[in-house]
1. Under 5 Å between amide hydrogens, which residues at least 5 positions from Phe68 or on another chain qualify, with H placed 1.01 Å from N in the peptide plane?
2. How much area per residue is accessible in the chain when the probe is 1.4 Å and only protein heavy atoms are counted (Å²)?
3. Once phi is turned into ³J(HN,Hα) by the Karplus curve 6.51 cos²θ - 1.76 cosθ + 1.60 with θ = phi - 60°, what whole-Hz value does each residue of the range 12-25 show in order, with x for glycine and proline?
4. How far, in nm, would the chain grow between Glu46 and Gln82 when pulled straight, counting 0.36 nm per residue and subtracting the alpha carbon separation?
5. Carbon and sulfur together cover what percent of the accessible area of the range 29-128 at a 1.4 Å probe radius?
6. Quick one: net charge around Ser54, please, counting Lys, Arg +1 and Asp, Glu -1 for every other residue with C-beta under 12 Å from its C-beta.
7. Which value, in Å² rounded to 10, gives the accessible area of Arg38 with a 1.4 Å probe and all protein chains present?
8. Total Lys pairs in the chain closer than 29 Å by alpha-carbon, pairs eight or more apart in sequence or interchain only?
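The values are calculated or read from the model by the stated rules, or taken from the named source; none is laboratory data. Here the structure is a predicted model, which is why all the values come from computation and not from measurement. Using ideal geometry, Cβ is built from the backbone for each residue, glycine included, and neighbour counts are taken over all protein chains shown. What goes into the accessible areas is simple: the full protein's heavy atoms, side chains included, and nothing from ligands, DNA or RNA. Shrake-Rupley method; radii C 1.70, N 1.55, O 1.52, S 1.80 Å.
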Amino acid sequence: QVQLVESGGGLVQAGGSLRLSCSASGRPLSTSAMGWFRQCPGKDREFVAAISRSGGNTHYADSVKGRFTISRDGAKNTVYLQMNILKPEDTAVYHCAAAHQGLKVLAAPTAVKSYDYWGQGTQVTVSS
């Protein structure tokens with residue numbers, strides 16, 4: 001059973017940066033595409049970014065494209081989300097997730113249903 005734990009959230013001013021980390025136990029993250037999703041109270045979980053098993057392909061929501069970067073470090077069994085030029089609308093609980101293992105090597109899925117395991121989330125708050 002894989003367990004994911006996010007960290008790195010916090011309070012920043014608009015225009016600032018944060019780097020979220022997602023550490024895994026149970027299996028190497030290299031076996032799964034990984035994604036980041038965010039959720040605000042009363043709203044559905046929203047796709048943010050995803051990275052393929054190999055790290056060779058990424059996918060970003062239009063709202064964060066050019067500002068956020070997803071990456072993975074196999075040696076540390078960790079996936080990251082570098083968030084730059086943060087905006088108040090980025091405020092949410094950010095969750096990392098591990099996708100189905102049967103996906104193609106280059107798959108970086110955007111749908112919640114493509115993911116099997118989820119972290120507890122880390123709060124990101126961006127003040128104006």
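1. Close amide H contacts, sequence-distant or interchain: Asn84.
2. About 49 Å² of surface per residue is accessible.
3. Calculated HN-Hα couplings, in order: 9, 7, 3, x, x, 9, 9, 10, 8, 10, 10, 9, 10, 9 Hz.
4. Difference between extended and current length: 11.3 nm.
5. Here it works out to 51 percent.
6. +3
7. Rounded to the nearest 10, the figure is 10 Å².
8. Within the chain, the lysine pair count is 11.
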